[in-house]
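Worksheet: one structure, shown below.
The values are calculated or read from the model by the stated rules, or taken from the named source; none is laboratory data. No experiment lies behind these values; they were computed from the predicted model shown. Positions of Cβ are backbone-derived with ideal geometry, glycine not excepted, and every protein chain shown enters the neighbour counts.
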2 protein chains.
Amino acid sequence: MLDLKQQKEIRASALNYFENAGIALSKKEISKEIKIFNYDNVDYYTMGIVIVTFINTERYCGRFILFFPGQCAGEHWHPDVGANKGKEETLRVLYGQAFAYGEGEPTNNIKAKIPEGKEKYFTSRHETVLNPGDQYTVNLNEKHWWQAGPEGVISLEVSSTARDKYDLYTDNTLKVNIY
Amino acid sequence: MLDLKQQKEIRASALNYFENAGIALSKKEISKEIKIFNYDNVDYYTMGIVIVTFINTERYCGRFILFFPGQCAGEHWHPDVGANKGKEETLRVLYGQAFAYGEGEPTNNIKAKIPEGKEKYFTSRHETVLNPGDQYTVNLNEKHWWQAGPEGVISLEVSSTARDKYDLYTDNTLKVNIY
């Protein structure tokens with residue numbers, strides 16, 4: 001859980017990142033669409049995300065995704081939801097650097113630091129290092145996770161329809177809160 | 001038609017716009033994906049587009065679209081293609097200013113300058129002025145066109161699958177060349 005003061009601080013800090021990266025948000029987005037994804041009982045700056053979804057229709061989705069320096073998301077995948085195929089997504093770095101992990105040949109000595117004691121919940125170890133202009137496409141049902149480099153990272157996600165609340169996590173005890 | 005020298009100049013100029021706007025392209029994109037859309041027998045800087053498509057799958061598409069100062073695209077729409085529904089798209093300005101026209105109540109004294117003698121081919125006159133952070137969603141089969149403001153405009157397009165060669169133009173004599 002994040003209290004209101006923490007949420008306010010995170011939003012203000014996120015807005016600074018967007019401004020420094022030269023990514024314009026509308027007034028409405030600034031006041032209502034800077035969403036904080038946090039996990040119960042996990043330090044926010046270790047694991048968490050900021051997401052600004054600027055469009056999400058029944059056909060496609062576009063959003064900006066921020067990780068603070070060293071922050072990561074829990075490994076997850078996007079299952080089918082009813083008759084709807086799971087989400088496929090392309091993440092393109094706009095600012096900073098990301099270490100992206102997906103399925104495939106595991107990379108030796110990965111650059112990311114997996115949160116202590118959580119190694120078994122980060123099973124995809126095929127690493128791609130992404131700098132501005134680089135992108136990574138996550139396949140259907142591929143288990144994936146990202147960690148920001150030392151300056152944090154803002155990426156653009158273009159995808160099929162997002163249905164975040166149906167995402168499945170390798171650590172199925174993770175409880176996601178969205179503020 | 002644009003000769004090789006003209007194409008080279010347009011690409012170099014486009015790359016300058018992307019760099020000035022802080023939008024990173026990969027080396028591969030710079031060498032192969034800066035596509036020039038031109039119309040036969042129409043001055044390029046009056047009507048034309050530069051498009052960098054960074055992803056286009058059977059489910060979604062993401063691209064950067066550049067119009068040089070005052071340049072516009074021909075009014076068009078995206079029809080169904082076989083069993084595939086026509087494209088729906090969201091255009092979000094990253095740099096510069098756009099005058100966007102779609103269906104709806106016509107705006108008096110629109111800001112765009114319609115190319116001389118072509119008035120009847122620009123039928124959608126509902127104007128939306130877009131600055132960085134603003135966006136416009138084009139509905140299914142909506143006739144639409146854009147014109148850049150005095151500094152040009154770079155926008156991000158997030159959409160369902162793009163099938164450009166099936167686009168239909170209000171001026172059905174327009175012949176699109178893609179370089």
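Here are a few things to note about the model shown:
- Hits in segment B:128-179 (condition: closer than 26 Å to B:ARG11 by Cβ, among the hydrophobic types (A, V, I, L, M, F, W, C) and without any contact (Cβ under 8 Å) to a residue 60 or more places away in the chain): B:LEU130
- Residue satisfying all of: in segment B:44-67; in contact (Cβ under 8 Å) with a residue 40 or more places away in the chain and assigned to a loop (DSSP other than H, G, I, E, B); farthest from the other protein chains (Cβ to nearest Cβ) among these: B:THR46
- Scanning segment B:68-81 for residues that are of a type in the set (D, E, K, R), within 14 Å of another protein chain (Cβ to nearest Cβ), buried (at least 21 other Cβ atoms within 10 Å of the Cβ) and outside any strand (DSSP E or B) turns up nothing.
- For B:SER155, the test of being at pLDDT 95 or above, of a type outside the set (A, V, I, L, M) and within 22 Å of A:ILE30 (Cβ to Cβ) is passed.
- Residue within segment B:15-23 that is within 16 Å of B:LEU91 (Cα to Cα), crowded, with 16+ Cβ neighbours inside 10 Å, in contact (Cβ under 8 Å) with a residue 60 or more places away in the chain and not hydrophobic (A, V, I, L, M, F, W, C) present: no
- When B:LYS27 is tested against (1) within 14 Å of another protein chain (Cβ to nearest Cβ); (2) basic (Lys, Arg); (3) within 17 Å of B:GLU157 (Cα to Cα), exactly one condition is not met: (3).
- Scan segment B:142-174 for residues that are polar (S, T, N, Q) and away from every other protein chain (no Cβ under 14 Å) and the total you get is 4.
- Residue check for B:GLY117: part of a loop (DSSP other than H, G, I, E, B) and modelled with pLDDT under 95: yes
- Segment A:30-43, subset aliphatic (A, V, I, L, M) and not in a helix (DSSP H, G or I), residue nearest to the other protein chains (Cβ to nearest Cβ): A:ILE34
- Any pair with Cβ under 8 angstrom, 6 or more apart, that starts in segment A:1-13 at a residue that is within 16 Å of A:ASP40 (Cβ to Cβ) and ends at one that is among the charged types (D, E, K, R): A:MET1/A:ASP40
- Where A:ALA100 falls short, out of the listed (1) surrounded by 15 or more Cβ atoms within 10 Å (Cβ to Cβ); (2) in contact (Cβ under 8 Å) with a residue 60 or more places away in the chain: (2)
- Search result, residues across segment B:125-140 that are more than 13 Å from chain A (Cβ to nearest Cβ) and touching a Gly at 6+ places or on another chain (Cβ under 6 Å): B:HIS126
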